[in-house]
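K.L.:
Pasting a structure below so you can have a look.
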Amino acid sequence: MKKAKSMVLIFLMLLLIAAGCSKGPSGSSKASSNSNSNALRMATLSQGGAWYVYGATISELLNKKVKDIERVDVLPYAGGLGNVQILDKGEAELALTFSLNNRWAVDGTFGYKKKYSNLRVLAGGFDEYYVGIIMTNKFMDKYGITSIADIKEKKVPVKLLTLNKGSQGEYAAIQVLEAYGLDYDRIKSFGGSVEHTTFDVVKSSIQDGKADMFIQVMTKGHPTFTEIALQTPVTFIPVEDEYLDKLKKFGYSKAILPPKVFHGQDKEVQALGLTTTLVTTTDLSDKMAYEITKAIAENKETLVKGHQSLSVYDPEKGITADATGGIPLHPGAEKYYKEKGWIK
């Protein structure tokens, strides 16, 4: 009896050892399952945001149109800046980024501490994003403000809000202020304040009169800007040509927000523009990159059904330097675009 029990215990131990070995050196089977199969992962942003919907739409499209793809898991993190790092760590094979993030990543500037030389673009120009700059009308009337430049000239104590430090919107705020000769310390020296917070706090602070100004990346009809404009009289502040030229070095382009996109916004607004791209790394096979690019470029109707913001997507225009951030196309994507005659 004892001998039989010993044999059972030895057998169970051997099974456990075998199971452990199958997980590889790291002890995790997750990485190996993704690298050895055609299950892909796409980094987007939090659920409920436009990028998450983009990801879900593209995932469904690729599952239907690319026979070699088993599935595409949509990861609800980390956003434009962080998604590049997720790709680099091998935690995803595909990612949504902004065009200017690509350039920053390749150059190793702004939000990045190193150069990401393995980043490659599959498609770009998916949508139109803007850097939204709003001030409350009450604040503008009190100090006679018509431009961000007036804050510096008049040394106005503005209460500025951005999203969390290190976010895409917070970087935009820093860069806009720099173009106008301002920074956080200078604003505080005027008696103003700078708070990095969440969308919910932004909405309540502006509504309660506890904040005067908000800077954040937005789309047309962005829910937070829409709610703020409906609840509180605000003005969408344009970026004048002389400052726009200074901001082009960061990768922004000139963009016009049409009139009446938001409540009370009766005139068009000259703003900073950026657009969404789908990127990968040199680790993705040429064949897979080709099939993914082809499926996306030839199924715009499906993309638009997923999210209306994708209606501006033009696959031919989406491979220009402005649309991609000027970084290389993946060789597989390049092959497809050459077949279409869009590049030589």
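Taken together, the values in this text are just the output of simple stated rules run on the coordinates, not laboratory data. Nothing here was measured: the structure is a model prediction, and the numbers come from that model. In this analysis, Cβ positions are derived from the backbone assuming ideal geometry, glycine residues included, and neighbour counts consider all displayed protein chains.
K.L.:
In the range 83-164, which chymotrypsin sites (Phe, Trp or Tyr not before Pro) are in a loop and have at most 15 other Cβ atoms within 10 Å, using DSSP for the loop call? If you can, show how the numbers build up before the last one.
P.N.:
Working: sites: 98, 104, 110, 112, 116, 126, 129, 130, 139, 143; in loops: 110, 112, 116, 126.
Listed in order of number, the matching sites amount to none.
K.L.:
Could you tell me how many cubic angstrom of Cα convex hull volume the range 129-274 has per residue? Before the final figure, lay out each step's value.
P.N.:
Details: hull volume 14.0 nm³, N = 146.
Spelled out: Cα convex hull of the range 129-274, divided by residues, is 96 Å³.
K.L.:
Quick one: what are the phi-derived ³J(HN,Hα) couplings along the range 109-126, Karplus 6.51/-1.76/1.60 with θ = phi - 60°, whole Hz, x for glycine and proline?
P.N.:
Each residue's phi maps through the Karplus curve to give 10, 6, x, 10, 9, 9, 8, 9, 7, 9, 6, 9, 9, 9, 7, x, x, 5 Hz.
K.L.:
What nm value, rounded to one decimal, do you get for the distance between residue 89 and residue 185 when each label is placed 7 Å out toward the C-beta?
P.N.:
3.2 nm
K.L.:
State the extension gain, in nm to one decimal, for the chain segment bounded by residue 153 and residue 253, taking 0.36 nm per residue of separation less the distance between their alpha-carbons.
P.N.:
So the chain would gain 33.4 nm between residue 153 and residue 253.
K.L.:
Please compute the contact order of the range 129-274 in relative form: average sequence separation of alpha-carbon pairs under 8 Å and at least six residues apart, divided by the residue count, as a percent.
P.N.:
33 percent
K.L.:
What is the local net charge at residue 306, summed over the other residues whose Cβ is closer than 13 Å to its Cβ (Lys, Arg +1; Asp, Glu -1)? Intermediate results must be reported in sequence, preceding the final value.
P.N.:
Details: positive: 64, 300, 305; negative: 60, 127, 301.
That works out to 0.
K.L.:
What is the extension gain from residue 321 to residue 207, computed as 0.36 nm multiplied by their sequence separation minus the C-alpha to C-alpha distance, in nm to one decimal?
P.N.:
37.0 nm
K.L.:
Can you tell me what share of the DSSP beta bridges in the chain is antiparallel? A percent to the nearest 5 is fine. If you can, show how the numbers build up before the last one.
P.N.:
Numbers: 24 of 40 bridges.
That works out to approximately 60 percent antiparallel.
K.L.:
In the range 178-270, which GluC sites (Glu not before Pro) are in a loop and have at most 15 other Cβ atoms within 10 Å, using DSSP for the loop call?
P.N.:
240, 268
K.L.:
Still on this structure, I have one more. Which chymotrypsin sites (Phe, Trp or Tyr not before Pro) in the range 237-344 sit in a loop by DSSP (not H, G, I, E or B) and have at most 10 other Cβ atoms within 10 Å of their own Cβ?
P.N.:
Answer in residue order: no site qualifies.
K.L.:
Can you tell me which aspartates and glutamates have their Cα less than 13 Å from the Cα of residue 115? Leave out same-chain residues fewer than eight positions away.
P.N.:
Straight-distance partners of residue 115: 88, 107.
K.L.:
Could you run the Karplus curve 6.51 cos²θ - 1.76 cosθ + 1.60 with θ = phi - 60° over the range 164-178 and give me ³J(HN,Hα) per residue in whole Hz, x for Gly and Pro?
P.N.:
Karplus values, whole Hz, x for Gly and Pro: 4, 4, x, 7, 4, x, 5, 5, 4, 4, 4, 5, 5, 4, 4.
K.L.:
Further question: For residue 281, list long-range residues whose amide hydrogen, built 1.01 Å from N in the peptide plane, is under 5 Å from its own amide hydrogen.
P.N.:
120
K.L.:
Turning to a different aspect of this structure: So who's got an amide H within less than 5 Å of the one on residue 329, skipping anything under 5 residues away but keeping other chains? H placed 1.01 Å off N, in plane.
P.N.:
Long-range HN contacts for residue 329: 121.
K.L.:
Give the aspartates and glutamates reachable from residue 89 as a straight Cα distance under 15 Å; neighbours fewer than 8 places away on the same chain don't count.
P.N.:
The reachable aspartates and glutamates, counting only those whose Cα sits under 15 Å from residue 89, are 283.
K.L.:
Around residue 100, with a cut-off of 13 angstrom between Cβ atoms, what is the net charge of the other residues, counting Lys and Arg +1 and Asp and Glu -1?
P.N.:
+1
K.L.:
Which whole-number percent gives the relative contact order of the chain, counting Cα pairs below 8 Å spaced six or more residues apart?
P.N.:
With pairs under 8 Å counted, the relative contact order is 23 percent.
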